[in-house]
């Protein structure tokens with residue numbers, strides 16, 4: 001069944017319950033065999049980070065499509081929005097290593113998306129059917145321009161941002177609708193919009209992007225965030241926040257706040273980012289500090305890959321190195337529990353990676369962490 005129909009069928013019970021999450025698509029689970037335990041204590045290295053990325057590509061990347069499979073069975077291409085996350089991973093791998101092959105992969109993934117997604121035609125409402133799917137690609141296109149200087153990437157990012165903002169932003173009450181039907185204003189579009197706007201502002205110095213970023217973040221801070229605790233809601237439907245915890249929402253809030261802090265030097269943004277990171281560490285993790293095992297055979301397996309990118313923005317751009325031991329513990333746990341034969345990691349860092357079919361989504365997040373977080377020296 002096509003993902004469009006999966007999305008529509010899955011939305012029915014969610015809407016009836018007054019709850020929406022941008023990443024809950026269910027699939028029939030494939031049988032897996034628990035892997036054999038690997039050493040409980042490891043300290044990953046730069047070479048491990050390279051191996052993890054190469055292994056992920058070996059088992060999950062389609063050279064002919066120039067995009068990623070949904071599973072290690074290699075029978076179908078993964079969800080449209082997750083491809084942008086994998087593109088970010090390629091960029092991060094290149095930044096870490098300066099390996100020319102990885103730069104070529106960055107260019108190839110762009111071509112793969114161009115060919116599969118109607119030349120990045122943002123008006124095609126069959127290819128693009130929810131706003132957050134579009135915004136993940138817009139962010140990645142802008143980042144790819146920053147990395148390569150290719151103006152074609154930037155042109156697509158700017159056109160996409162204009163399209164999404166015009167259709168998603170609510171000029172009357174503020175905030176960003178996640179879907180074309182305007183059923184709810186979700187974190188998965190709100191904080192990525194801020195990140196996209198700030199990235200485009202940093203490239204173009206066009207202050208209209210900065211104004212939009214501040215406006216949207218202000219809505220999100222007041223309607224999708226508990227400033228007392230640091231908790232981030234998944235959605236807000238007609239003024240009612242949906243307090244479900246997903247790591248990507250925590251990550252994009254952190255990323256948006258850090259980017260605004262960098263531009264303004266307003267420590268209130270940094271304080272919010274730290275409060276959200278603290279909440280993630282203290283309330284989303286288990287007693288050992290290990291992040292949740294999101295993605296029970298659905299696309300949520302990719303969520304921690306998004307969180308990885310933005311928690312490291314807080315470390316690097318916000319100067320908050322106190323989070324590094326926690327992040328490294330998660331990486332070491334995941335890498336220690338990898339499937340040794342394939343070198344693949346799993347969405348549940350605390351258990352051995354299954355040796356059977358797994359999704360690219362659930363294999364991705366520890367790899368992403370390893371590209372952006374340097375090992376302990």
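The values are calculated or read from the model by the stated rules, or taken from the named source; none is laboratory data. If you're wondering where the values come from, they're calculated on a predicted model, not measured in any experiment. Heads up, the Cβs are rebuilt from the backbone with ideal geometry, glycines too, and the neighbour counts pull from every protein chain shown.
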Test: residue 165 is surrounded by fewer than 24 Cβ atoms within 10 Å (Cβ to Cβ), in a helix (DSSP H, G or I) and under 20 Å from the mean Cα position of the chain (by Cα): yes
Single condition residue 272 does not satisfy, out of (1) assigned to a helix (DSSP H, G or I); (2) closer than 26 Å to residue 41 by Cβ; (3) touching a helix residue (DSSP H, G or I) at 6+ places or on another chain (Cβ under 6 Å): (2)
Test: residue 177 is under 20 Å from residue 253 (Cα atoms), touching a strand residue (DSSP E or B) at 6+ places or on another chain (Cβ under 9 Å) and without any contact (Cβ under 8 Å) to a residue 60 or more places away in the chain: yes
Tally of residues being surrounded by 23 or more Cβ atoms within 10 Å (Cβ to Cβ) and either touching a helix residue (DSSP H, G or I) at 6+ places or on another chain (Cβ under 6 Å) or under 20 Å from residue 247 (Cα atoms) (or both) across the stretch 337-352: 5
Given (1) modelled with pLDDT of 95 or more; (2) under 30 Å from residue 71 (Cα atoms); (3) not in a helix (DSSP H, G or I), number of the condition residue 296 does not satisfy: (1)
Verdict on residue 350 being assigned to a helix (DSSP H, G or I) and either in contact (Cβ under 8 Å) with a residue 40 or more places away in the chain or over 16 Å from the mean Cα position of the chain (by Cα) (or both): no
Candidates 148, 126, 183, 111, filtered to the one that is over 19 Å from residue 209 (Cα atoms), out of contact with any helix residue (DSSP H, G or I) (no Cβ under 8 Å at 6 or more places or on another chain) and in contact (Cβ under 8 Å) with a residue 12 or more places away in the chain: 111
Single residue of 280, 252, 247, 193 found to be crowded, with 24+ Cβ neighbours inside 10 Å, under 21 Å from the mean Cα position of the chain (by Cα) and over 30 Å from residue 158 (Cα atoms): 280
Boolean, residue 95 is surrounded by fewer than 18 Cβ atoms within 10 Å (Cβ to Cβ), under 20 Å from the mean Cα position of the chain (by Cα) and assigned to a helix (DSSP H, G or I): yes
